[in-house]
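Notes follow once the structure below has been shown.
The values are calculated or read from the model by the stated rules, or taken from the named source; none is laboratory data. This structure is a prediction, so every number in the text was calculated from the model and none was measured. Counting neighbours? That spans all protein chains shown, and the Cβs are built from the backbone with ideal geometry, glycine included. Keep in mind that these areas ignore ligands, DNA and RNA; they rest on the heavy atoms of the full protein, side chains included. Shrake-Rupley method; radii C 1.70, N 1.55, O 1.52, S 1.80 Å.
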Amino acid sequence: MPSEKKLMRGSNVVGEAAVRAGCRFYAGYPITPQNELPEYLSARMPEVGGAFIQGESEIASINMVLGAAATGVRAMTSSSSPGVALKQEGISYMAGQELPAVVINMMRGGPGLGNIAPSGADYYQATRGGGNGDYRTPVLAPAGCQELADLTFTAFDIADKYRTPVMILGDGLMGQVMEPVIFPDPIDIKSLPPKDWALTGCKGRKPKAIFSMLLDLNALYNHNLHLQEKYDEITAKELRWDTAMTEDAELLVVAYGTPSRIAESAIEELRAEGIKAGLFRPITLWPFPTIPLRKLAAKIGKVGVFEFSMGQMLDDVIMAVGERAEIYFYGVPGGIIPTPSDVARFLKSSIKGDGKVGRRIEA
Amino acid sequence: MSAEAAFKKIFGRPESLKENYTHYCPGCGHSIAHRLVAECLDELGLRENTIGVPPVGCAVLAYNYFNFDMIEAPHGRALAVATGIKRTNPDKFVLTYQGDGDLAAIGTAETIHAANRGEKISAIFINNAIYGMTGGQMAPTTLLGQEATTAPGGRDSSLHGNPIDISAMIAVSNGVVYVERCSLASLKQIRQAKKAIKKCFQVQLDKLGFGLVELLSPCPTNWKLSPKEAWAWVNEVMVKVYPLGVIKDTTGYEDKK
Ligand SMILES: Cc1ncc(C[n+]2csc(CCOP(=O)(O)OP(=O)(O)O)c2C)c(N)n1
Ligand code: SF4
């Protein structure tokens with residue numbers, strides 16, 4: 001049954017999309033600003049024969065997800081920044097054990113308890129690991145409710161295909177905002193590719209064990225090489241990004257998630273004045289769309305980076321662009337949301353190169 | 001008389017144990033506990049329907065010895081992992097096997113809350129009053145006065161706190177149906193331990209709630225005792241702090257008999 005347009009809050013959108021994508025297990029611990037998601041799923045999961053648990057902590061919740069995932073069930077947990085910090089142990093284990101799962105982070109201000117306002121300060125935490133070991137977590141960054149729905153499906157598919165935890169990185173604003181959404185049709189769980197590695201009890205076959213501990217030096221060495229091959233494949237096949245208004249642009253704005261929406265409005269403001277800027281929006285934060293950004297930045301010659309942190313995605317932009325273009329940076333710590341006009345001033349200043357708003361980055 | 005009647009197999013390796021040598025030290029309680037768990041699974045016909053969760057601790061490699069499906073959990077998280085398995089697979093038989101550091105220190109919250117939710121899971125709790133795997137550091141269950149590498153001169157309540165009785169702690173919860181403490185330090189007690197484990201498994205099969213069997217288990221290596229001395233220490237010293245017997249039983253099994 002194709003679904004009609006629905007007006008829904010971001011957190012609920014993830015919940016409904018997860019159920020339609022075949023998620024049948026959710027565990028999480030309350031934390032603002034994403035409580036609507038567990039609340040939604042506490043009612044929705046039983047309707048589809050799935051299980052919902054309010055865990056006693058984020059640590060317990062991610063480990064419940066680990067257990068469910070090991071039996072082949074599509075499983076998800078969600079939290080916000082300090083809670084996601086606690087999930088890192090489980091994420092690292094699942095990376096090592098090659099278990100698929102989806103982890104939602106609706107980022108809030110930090111460090112520490114910070115505040116509950118939207119933030120982009122967990123970009124490092126999401127893209128650089130956070131748990132121990134040489135692993136990567138694919139990270140998807142939606143820029144609105146429709147994309148939250150679509151990328152939730154994508155997240156489960158990538159997780160299963162590569163047997164890896166996948167993170168969706170939103171923020172407090174995205175979790176709260178209400179936008180119209182058309183949901184993809186629910187999948188038929190039975191149509192998903194079989195998981196021959198899953199634990200189901202050893203009836204009719206040899207027992208299986210899933211573990212990340214490899215005491216033999218060569219075994220761990222080879223396991224890490226295998227993981228790296230997988231990450232290379234993800235980088236080759238799963239890169240996602242979007243561009244807008246770049247053809248005639250004098251400045252390329254790089255922003256993801258909520259800031260990309262503000263940037264888009266700022267670009268439109270400028271264009272009304274005849275000033276031409278364009279948008280490059282990474283959708284996968286890891287793998288980062290390094291080469292596409294490099295090419296476009298080199299062509300345009302000027303890059304303006306805008307994020308809700310004091311410069312985390314900026315590192316990836318610098319690595320992509322280097323000296324091929326001038327780089328300007330406008331970072332806003334979590335909580336204060338700049339208006340499109342604030343961002344437009346930064347973009348104008350960057351085009352002039354006067355450094356009055358934001359700062360010039362020497363790569 | 002036929003050969004069959006003359007030679008009846010009365011002892012062998014349970015099917016739930018693989019034909020591997022364990023890495024456990026001589027006199028270690030883990031190998032005995034493994035065998036008891038395996039015998040009970042065999043006798044209840046559960047092996048092929050079981051998913052087990054080993055700990056991080058000396059039994060971290062239990063999947064090399066147990067002959068059924070197993071999933072490694074991070075240190076202390078076995079009961080959370082088991083919860084995820086059981087809630088999505090209510091018809092599977094799910095057990096955890098955990099040491100005292102795993103179950104009663106780093107995993108205390110996971111233990112108490114799985115128990116309190118009344119998860120239909122069976123927990124086998126190996127209490128050897130020491131951190132075996134990491135080399136003899138103080139455990140939450142270490143006795144007062146007992147030497148540990150991080151409690152030189154012996155555990156002192158004013159410095160190190162007191163031996164924790166987690167079995168008694170969880171027993172107060174309505175979700176917990178059956179808790180028994182047994183010893184692995186004499187043949188008679190080992191037989192009793194097997195009975196307790198089997199009953200604990202039955203609790204899960206009957207979907208009654210959470211069950212746990214605590215096994216006082218010798219660690220001769222880190223106690224720096226011979227295996228024989230270690231048995232004596234369990235029965236003369238350890239049982240005074242951790243008295244043997246049923247701690248909680250709301251199964252009603254005996255009433256039905
Ligand atoms: C997060 C984490 N912290 C610490 C350790 C190190 N560690 C491994 S086993 C263990 C304690 C083992 O003691 P116990 O649970 O009593 O089991 P035993 O080895 O005595 O059977 C510790 C502290 C670890 N692996 N992971
Ligand atoms: S160190 Fe202790 S608990 Fe570990 S295997 Fe040896 S005797 Fe057993």
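Couple of notes before you dig in:
- Axial C-alpha extent at least 18 Å, average Kyte-Doolittle at least -1.0 - helices from chain B (DSSP): B:29-43, B:187-205
- Rounded to the nearest whole angstrom, the semi-axes of the ellipsoid equivalent to the range B:1-122, taken from the Cα gyration tensor as √(5λ), stand at 30, 18, 11, largest first.
- Rg/Rh ratio calculated on Cα atoms of the range A:5-237 (Kirkwood radius): 0.96
- Peptide A:67-77 has a mean shielding of 6, counted as Cβ atoms of other protein chains within 10 Å of each residue's Cβ.
- Accessible area buried, both sides summed, chains B and A with 1.4 Å probe, Å²: 2600
- Size of the range B:96-146: Rg and Dmax of its alpha carbons, in Å, are 11.8, 37.
- Under the Karplus curve 6.51 cos²θ - 1.76 cosθ + 1.60, θ = phi - 60°, whole-Hz ³J(HN,Hα) for the range B:132-145, x wherever Gly or Pro sits: x, 4, 8, x, x, 6, 5, 9, x, 9, 4, 6, 5, x
- Across the range B:81-193, the volume of the C-alpha convex hull divided among the residues equals 122 Å³ per residue.
- Amide H within-cut-off set for residue A:168, under 5 Å, with H built and near neighbours excluded: A:103, A:104, A:105, A:140
- Pairs of alpha carbons in the range B:134-257 separated by more than 19 Å make up 54% of all such pairs.
- Taking 20 °C and 1.002 mPa s as conditions, the protein assembly as shown diffuses translationally at an estimated 81 µm²/s according to Stokes-Einstein applied to its Kirkwood radius (Cα pairs).
- Rel. contact order, % - alpha carbon contacts under 8 angstrom, at least six apart, chain B: 18
- Highest average packing first - A:286-295, A:156-165, Cβ atoms within 10 Å: A:156-165, A:286-295
- Once you reduce the range B:31-99 and the range B:185-227 to the center of their Cα atoms, the two points are 14 Å from each other.
- Top of A:180, A:207, A:33 by mean-square fluctuation, Gaussian network on chain A, Cα under 10 Å: A:207
- Building the convex hull from the alpha-carbon atoms of chain B and averaging its projection over directions returns 15.1 nm².
- Descending semi-axes in Å of the range A:40-112, equivalent ellipsoid built from Cα gyration tensor: 20, 17, 9
- The C-alpha atoms of chain A define a longest principal axis, and helix A:340-352 lies at about 60 degrees to it.
- Estimated inter-spin distance, residue B:186 and residue A:225, nm [label 7 Å along Cα→Cβ]: 5.6
- Peptide B:85-94 - average C-beta neighbours from other chains (10 Å radius): 6
- Distribution of pairwise C-alpha distances over the range B:145-187, 5 Å bins, in %: 5, 16, 17, 12, 17, 18, 11, 3
- Solvent-accessible heavy-atom area per residue, rounded to whole Å², over chain A at 1.4 Å: 39
- Lysine pair count for the range A:5-237 [Cα-Cα under 16 Å; pairs on different chains or 8 or more apart]: 7
- Surface analysis of the range B:52-95 yields an accessible area of 17 Å² per residue, using protein heavy atoms and a 1.4 Å probe.
- Cβ-defined net charge surrounding residue A:175, 13 Å radius [Lys, Arg +1; Asp, Glu -1]: -2
- Three semi-axes of the equivalent ellipsoid, the range A:241-361, Cα gyration tensor, whole Å, largest first: 18, 16, 14
- Taking every alpha-carbon pair within the range A:234-289, the share separated by more than 15 Å comes to 47 percent.
- Within the accessible surface of the protein assembly as shown, defined with a 1.4 Å probe on protein heavy atoms only, the carbon and sulfur portion equals 55 percent.
- Cα centroids of the range A:91-110 and the range A:200-229: 20 Å apart.
- Over all other residues within a Cβ to Cβ distance under 14 Å of residue A:132, the charged ones net out to +1, with Lys and Arg as +1 and Asp and Glu as -1.
- Qualifying chymotrypsin sites (Phe, Trp or Tyr not before Pro) for the range B:1-69 [loop in DSSP, other Cβ within 10 Å: at most 15]: B:7, B:11, B:21
- Viscosity 0.890 mPa s, 25 °C: Kirkwood-radius Stokes-Einstein D of the range A:80-174 over Cα pairs, µm²/s: 185
- Peptide B:46-58 is shielded by partner chain Cβ atoms: per residue, an average of 3 of them sit within 10 Å of its Cβ.
- On the beta carbon distance between residue A:291 and residue A:146, with R0 = 35 Å, the FRET formula returns roughly 0.85.
- Other residues within the sphere of radius under 14 Å centred on the Cβ of residue A:334, judged by their own Cβ, net out at -2 (K and R +1, D and E -1).
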